[in-house]
């Protein structure tokens, strides 16, 4: 019933949200007589804040239409390379009329960015993709909101996630370099391990960033919740059926609105302060700061529903059984053996201040991949960076990205 109640609340708030938006414009538009009255700026700011707190946030677009490569503007077109029920493999194809630059770009490494299926859309990695495009051919996994997947498409388990990654690697080819951010570090390591065990070609490099390879190390608040509650508790408290007004009606999911509540609950004071500062920026007319707030929360507030089976599998496999590090994880009956990986180079990246994946959790992959020569394995800690800082923002662009770029380039040939 909770999902249905949420949908009812959303429907009731929708006209109030639109009214607040219109009222904000009424008190701010230069041609409106109401904008000339005392306190008009504060009224406009208040209505704008109400609108943003009550509106529904749709999935954002990547909006990457051009980049600069060697100082030259290059057009970028987003294409769907593979269309699966629960995920689209996107390619960001670059175009230029400069013959020398075109030849150079054709010879650059291919990168598959495996985005998290953990609440936010893959557009959260927009900065990651835009930066990578300067030196690479880039693909990314774009996970589909489970409420939009018809029930006849079947279930989606953690095993299916692993098989999707394997299919994407095979499609791009063995020269691909895989970058996994947060949650997918575990299924990506499983996918590559199974390819190696089966004697298939494996990627040139794997870069694993801020993920729970071994969640026993430096457990965070996120880890503790998953470790200390039973699977039955999660089934009874966070799993609901999609209401009838969506294509995935009847599908069991972990709803996005519950996930968003959890995100906010981790740092409520920070979000309250951010919204109050936004109100003050509007009153002062600080458009740049207000736009930065909107850009961040347009992304942060856009969440998706996760398939229930996948979510529960992840809780049990990664955070309760520690099946990967204990050597007991089987995917479709096949044992996951990271030690079978021989030729793929490995880079692990952690943020010094990461409060999602604690210190040492991602670095654990270095020891698990015992078959990779020591000279082809490296761990990098990004000083002063939290979880998001390792893949977005100044620290990502100035420090983490050069490390990853040079690591891929070193093993490209």
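Observations on the structure shown:
- Residues satisfying the criterion are present in the range 375-386 (criterion: touching a strand residue (DSSP E or B) at 6+ places or on another chain (Cβ under 6 Å), assigned by TED's automatic domain parsing to the domain that holds residue 195, part of a loop (DSSP other than H, G, I, E, B) and surrounded by fewer than 20 Cβ atoms within 10 Å (Cβ to Cβ)).
- Condition met for residue 138 (touching a strand residue (DSSP E or B) at 6+ places or on another chain (Cβ under 9 Å), touching a residue at least 60 places away in the same chain (Cβ under 8 Å), closer than 26 Å to residue 398 by Cα and outside any helix (DSSP H, G or I)): no
Condition check ((1) part of a helix (DSSP H, G or I); (2) within 30 Å of residue 250 (Cβ to Cβ)) across all residues:
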site: 280; (1), (2): yes, no
site: 296; (1), (2): yes, no
site: 299; (1), (2): yes, yes
site: 316; (1), (2): yes, yes
site: 348; (1), (2): no, no
site: 357; (1), (2): no, no
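- Hits in the range 236-287 - residues which are touching a strand residue (DSSP E or B) at 6+ places or on another chain (Cβ under 8 Å), within 18 Å of residue 303 (Cβ to Cβ) and at pLDDT 90 or above: 238, 239, 240, 241, 242, 251, 252, 253, 254, 255, 256
- Of the listed requirements (1) crowded, with 18+ Cβ neighbours inside 10 Å; (2) closer than 20 Å to residue 344 by Cβ; (3) touching a residue at least 60 places away in the same chain (Cβ under 8 Å); (4) under 23 Å from the mean Cα position of the chain (by Cα), residue 171 misses just one: (1).
- For the criterion of being over 21 Å from residue 175 (Cβ atoms), touching a residue at least 12 places away in the same chain (Cβ under 8 Å) and more than 19 Å from the chain's Cα centre (by Cα), residue 363 passes.
- For residue 238, the test of being crowded, with 18+ Cβ neighbours inside 10 Å and outside the structural domain of residue 405 (by TED's automatic domain parsing) is passed.
- Residue in the range 210-231 that is over 24 Å from the mean Cα position of the chain (by Cα) and either within 26 Å of residue 92 (Cβ to Cβ) or outside any helix (DSSP H, G or I) (or both) present: yes
- The lone criterion from (1) under 19 Å from the mean Cα position of the chain (by Cα); (2) surrounded by fewer than 20 Cβ atoms within 10 Å (Cβ to Cβ) left unmet by residue 286 is number (1).
- Per-region count, the range 147-182, residues under 28 Å from residue 388 (Cα atoms) and part of a helix (DSSP H, G or I): 15
Here is a yes/no grid of residues against (1) at pLDDT below 95; (2) farther than 27 Å from residue 158 by Cβ; (3) surrounded by 20 or more Cβ atoms within 10 Å (Cβ to Cβ); (4) out of contact with any strand residue (DSSP E or B) (no Cβ under 6 Å at 6 or more places or on another chain):
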site: 330; (1), (2), (3), (4): no, no, no, yes
site: 336; (1), (2), (3), (4): no, no, yes, yes
site: 344; (1), (2), (3), (4): no, no, yes, no
site: 348; (1), (2), (3), (4): no, no, yes, no
site: 372; (1), (2), (3), (4): no, no, yes, no
site: 412; (1), (2), (3), (4): yes, yes, no, yes
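- Residues (exposed (fewer than 14 other Cβ atoms within 10 Å of the Cβ) and either assigned to a helix (DSSP H, G or I) or under 29 Å from the mean Cα position of the chain (by Cα) (or both)) located in the range 5-33: 5, 8, 9, 11, 12, 14, 15, 16, 18, 22, 33
One line per residue, one yes/no per condition, for (1) touching a helix residue (DSSP H, G or I) at 6+ places or on another chain (Cβ under 6 Å); (2) closer than 20 Å to residue 343 by Cβ; (3) assigned by TED's automatic domain parsing to the domain that holds residue 138:
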| residue | (1), (2), (3) |
| --- | --- |
| 155 | yes, no, yes |
| 160 | no, no, yes |
| 171 | no, yes, yes |
| 180 | yes, yes, yes |
| 188 | yes, yes, yes |
| 197 | yes, yes, yes |
| 218 | no, no, yes |
| 221 | no, no, yes |
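One line per residue, one yes/no per condition, for (1) farther than 15 Å from residue 285 by Cα; (2) in contact with a helix residue (DSSP H, G or I) (Cβ under 9 Å, 6 or more places away or on another chain); (3) free of Cβ contacts under 8 Å to residues at least 40 places away in the same chain:
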{"residue": "11", "(1), (2), (3)": "yes, no, yes"}
{"residue": "27", "(1), (2), (3)": "no, yes, yes"}
{"residue": "34", "(1), (2), (3)": "yes, yes, yes"}
{"residue": "43", "(1), (2), (3)": "no, yes, yes"}
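The values are calculated or read from the model by the stated rules, or taken from the named source; none is laboratory data. Note that the structure is predicted; figures quoted are calculated from it, not measured. Neighbour counts run over all protein chains shown; Cβ positions are idealised from the backbone, glycine included.
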